[in-house]
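Novice: Starting off with a structure, shown below.
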Amino acid sequence: MLLNTLQSTKNIKLITVFICFCIIIALQNIMPLTRVWIVISVFTGLSIHGYVVLQRRLKFLPRYGLIVLPIIILILLNVVIKTHYLILSIQAVSFMVLGFTLITTFVSRSPRHH
């Protein structure tokens, strides 16, 4: 059962990454997100994973903290940009999801022995 669960988790992560890449590629053709915001968005996804790990260990961190950082980043993005708010926000969220998904994939891997 555990092996089946791990395989389905891998499939969900793969589908998530695929959907995010499709969204990003489609929207980059309309209005590309700048590299600075891409890095900020990916780092936000990585930070969300860090918060989840801390929240599990410390137990007293509030769950709403998971959503606060992405909302702050999206507000800052929408303050800075002048046009295409929705397109750029969707790209930023997609990069956040990619950052979160990629870090959870690499952290949960077991070390390979040669």
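Novice: When the stretch 33-75 is examined, which residues are found to be free of Cβ contacts under 8 Å to residues at least 12 places away in the same chain and within 16 Å of residue 94 (Cα to Cα)?
Specialist: Answer for the stretch 33-75, where residues must be free of Cβ contacts under 8 Å to residues at least 12 places away in the same chain and within 16 Å of residue 94 (Cα to Cα): 34, 35, 36, 39, 67, 71, 72, 75.
Novice: Go through (1) under 17 Å from residue 102 (Cβ atoms); (2) loosely packed, with under 10 Cβ neighbours inside 10 Å for residue 41 and report which single condition fails.
Specialist: Going through (1) under 17 Å from residue 102 (Cβ atoms); (2) loosely packed, with under 10 Cβ neighbours inside 10 Å one by one, residue 41 breaks only (2).
Novice: Is it the case, given these coordinates, that residue 86 is of a type outside the set (Lys, Arg), surrounded by 12 or more Cβ atoms within 10 Å (Cβ to Cβ) and in a helix (DSSP H, G or I)?
Specialist: Details: of a type outside the set (Lys, Arg): yes; surrounded by 12 or more Cβ atoms within 10 Å (Cβ to Cβ): no; in a helix (DSSP H, G or I): yes.
No.
Novice: Can you tell me which residues in the stretch 57-83 are at pLDDT 80 or above and not in a helix (DSSP H, G or I)?
Specialist: 81, 82, 83
The values are calculated or read from the model by the stated rules, or taken from the named source; none is laboratory data. Quantities reported herein were computed from a predicted structural model and do not represent experimental measurements. Every residue, glycine among them, receives a Cβ derived from its backbone with ideal geometry; neighbour counts consider all protein chains shown.
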